[in-house]
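Colleague: Following this message is one structure expressed as structure tokens.
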Ligand code: SAM
């Protein structure tokens, strides 16, 4: 059997004080925004950023040191898969957000039992969504996914169409269907994410009513839905505010996430000419917003 190699960038932070290191981490994080890593693993002296393609990794290797003026050292490496994602996430537990439980396959049976034993406050048992951890984002263990999952439950999705921009593992597409959406389109420009989303649809009964598309959402201007979810990054939301507003059908809703509290005012300002904030939710340093 051949072992798959993941293109990765080992990033070592060189500042000597923790204040300087935090500042450099913020800069690297902002620069990575545009460079599309598929996953970031923290290590003592720095980060290991994984990329879908060697070309993406090499672009990041060239761009990052310039963006942070010599405060990091980078090494382009190939990491043997050895089932990295599954091993590093094998301790993951199920996560409950209101009427939704997101569980890895090895917790699915337990989660279903818990769901039937503990109905949500509405009196109906929560829906269990099974997500196989992978290099793609979206196991439900990041606050930004939970914030979207929570906001989706404030909307009445019955019979509505949903567009999940940056679907990753497909988790929010599955959440939307579980909450009654009639038809969901999930878009991601990372082929590995679409592959893992397909695997997750299979784990959840085939994903009828969910259509997955590979591509950059900014190039798919014909996409339109009653509800659009966009768990991206603050920078990408700001730059794509018009495209996302265009994707919302008249009278519809946009859910944004992946925004830090620090970025919130700039992100909302980018949408302000066209959309207003109905509700915001926060967890740790993250916020999610429902706009109309
Ligand atoms: N929706 C999942 C969740 O809530 O857990 C995953 C969100 S993850 C933070 C963002 C996803 O957006 C990644 O899978 C990434 O590949 C995708 N993405 C980033 N930029 C994109 C673009 N321009 N077009 C399509 N997908 C994009």
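Colleague: Collect the residues in the range 214-248 that are within 26 Å of residue 178 (Cβ to Cβ), without any contact (Cβ under 8 Å) to a residue 60 or more places away in the chain and near the ligand (Cβ under 9 Å from one of its atoms), keeping them in residue-number order.
Modeller: 214, 215, 217, 220
Colleague: Which of the residues that make up the range 141-179 are on the phi > 0 side of the Ramachandran plot and within 10 Å of the ligand (Cβ to nearest atom)?
Modeller: Within the range 141-179, 166, 168, 170 qualify.
Colleague: I've got another one for you. Quick check on the range 79-90. Is at least one of its residues at pLDDT 70 or above and part of a loop (DSSP other than H, G, I, E, B)?
Modeller: Within the range 79-90, not a single residue is at pLDDT 70 or above and part of a loop (DSSP other than H, G, I, E, B).
Colleague: Okay, moving on. Would you confirm, using the coordinates I've provided, whether residue 9 is modelled with pLDDT of 85 or more, outside any helix (DSSP H, G or I) and touching a helix residue (DSSP H, G or I) at 6+ places or on another chain (Cβ under 6 Å)?
Modeller: It is true that residue 9 is modelled with pLDDT of 85 or more, outside any helix (DSSP H, G or I) and touching a helix residue (DSSP H, G or I) at 6+ places or on another chain (Cβ under 6 Å).
Colleague: Output the qualifying pairs, or none if there are none: Cβ atoms under 6 angstrom, residues six or more apart or on different chains, first residue in the range 169-188 and under 12 Å from residue 229 (Cα atoms) and in contact (Cβ under 8 Å) with a residue 60 or more places away in the chain, second residue within 11 Å of the ligand (Cβ to nearest atom) and in a loop (DSSP other than H, G, I, E, B).
Modeller: Every condition considered, the pairs that remain are 171/131; 171/138.
Colleague: I'm trying to understand the selection: among the residues of the range 41-64, which are surrounded by fewer than 17 Cβ atoms within 10 Å (Cβ to Cβ) and either assigned to a strand (DSSP E or B) or more than 16 Å from the ligand (Cβ to nearest atom) (or both)?
Modeller: 41, 42, 43, 44, 45, 54, 58, 62, 63
Colleague: Within the range 168-184, how many residues are surrounded by fewer than 24 Cβ atoms within 10 Å (Cβ to Cβ) and under 21 Å from residue 218 (Cα atoms)?
Modeller: Adding up the residues that qualify gives 1.
The values are calculated or read from the model by the stated rules, or taken from the named source; none is laboratory data. These numbers come from a predicted model, not from an experiment. Heads up, the Cβs are rebuilt from the backbone with ideal geometry, glycines too, and the neighbour counts pull from every protein chain shown.
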